[in-house]
Amino acid sequence: MGRVFGARNAVYQERGKFALEAMAEIGVDVVNLTTIDLMNMGEDYLRENFAKYKIPLVSANLRATSGDVFWQPYIIKKIKGVKIGITGITPSGTAPTGNERRIAADDPVTALRELVPTLRKKAELVVVLSYVGLDKTKNIAMIVPGIDVLIAGGSGAKLDRPLKLNDAIIAKTGDRGQELGQMLILTDKKRNIISYDGMLVRLSSRVPEDSLLAERMQTCLEKTKDGNRTVYVGP
């Protein structure tokens, strides 16, 4: 996820709720929790609102220094009859949560090396949401076996088409929500990937807007104006 939410104030919180409502409306399956989200919005906000919209949060390398967690290390999602194991990673470090505790992010490579073998036993395809930038995502593809797909984030670089390194397919959109990524994967009966393709769909006037979400967004913008100036949210 990373840059969906801005600073920890009322304007960003209100707009964050709209973003979550839109995610739920379009059927987002899972979101990768990052240290940036924790720093920007705080644990309580994320815990409450993701539960409200029933969107699961995952992370392979986040660790609570005390108490319970509100994310899962992974989820198994059955799509078109295929069991897909999905996890996520964020850069190592720590993040304040808004509570007394801090949440630490361990080394993502180490975390994946520990988790991916478990996912391979439970799922037919393993997908990693990688908020560590494109270059580091490429490195992970080369040194962590067992990953089928890496969806990269955390940098402005993009891939017009997916690429394959080692046995992992890597995809990456640009920043600021300018494109949507589309990928088609074909497997045999044993769920081995036999072909793949993908592309970026640039969001422009040629892509019709969702009238209901557009109306809700306008309402949200009106509610979060700062005098006559609309406060900018996002990257």
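Quick notes
- Highest mean packing comes first when the peptides 60-67, 40-47 are listed by Cβ atoms within 10 Å, giving 40-47, 60-67.
- Selection from 112, 59, 133, by position along the positive dipole direction of the chain (Cβ): 112
- Ascending count of other beta-carbon atoms within 10 Å, so fewest first, for 151, 140: 151, 140
- Straight-distance crosslink candidates among aspartates and glutamates, where the alpha carbon sits under 15 Å from residue 164 and sequence neighbours closer than 8 are dropped: 135, 148, 197
- Maximal additional length on extending the residue 202-residue 135 stretch stands at 21.8 nm, based on 0.36 nm per residue less the C-alpha distance.
- Mean sequence separation of contacting Cα pairs (under 8 Å, at least six apart), scaled by the length of region 119-179, corresponds to a relative contact order of 31 percent.
- Counting beta carbons within 10 Å around each of 110, 97 and listing the fewest first gives the order 110, 97.
- Tilt relative to the chain, helix 134-143 - C-alpha long axis, 0 to 90 degrees, to 10: 30
- Length gained when the stretch residue 222-residue 92 is fully extended (0.36 nm per residue, less Cα-Cα span): 43.1 nm
- The long axis of helix 108-122 is offset from the longest Cα principal axis of the chain by roughly 70 degrees.
- Its alpha carbons considered, the chain gives a radius of gyration followed by a Dmax of 18.1, 59 Å.
- Sum of side-chain charges, residue 78 neighbourhood, beta-carbon under 15 Å (Lys, Arg +1; Asp, Glu -1): +3
- Cα-Cα over 23 Å, subset of 138/190; 83/190; 78/122; 52/138; 136/158: 138/190; 52/138
- Computed over region 10-225: relative contact order in percent, which uses C-alpha pairs under 8 Å that are six or more apart: 15
- The alpha carbon centroids of region 169-198 and region 56-83 are separated by 21 Å.
- Computing FRET efficiency as 1/(1 + (r/R0)^6) for residue 167 and residue 53, where r is the C-beta to C-beta distance and R0 is 41 Å, gives about 0.75.
- Cα gyration tensor shape for region 46-99, rounded if a/c is under 1.5, else prolate or oblate: oblate
- Fewest neighbouring Cβ atoms within 10 Å first, the residues 39, 142 line up as 142, 39.
- In degrees, nearest ten, helix 43-52 long axis to first principal axis of the chain (Cα): 80
- For residue 94, the residues 5 or more places off, or on other chains, whose built amide H falls under 5 Å of its own are 105.
- Here residue 178 and residue 212 are evaluated by their C-beta separation; at R0 = 22 Å the FRET efficiency comes out at 0.50.
- Secondary-structure-derived ellipticity at 222 nm for the chain, considering helices only, amounts to -9500 deg cm²/dmol, per-run term -39500 (n - 2.57) for DSSP H runs with n ≥ 4.
Where a number appears in this text, it was derived from the coordinates with a stated rule and is not lab data. The model shown is predicted, which means the values in this text are computed figures rather than measured ones. No Cβ is skipped: glycine too gets one built from the backbone with ideal geometry, and neighbour counts run over all protein chains shown.
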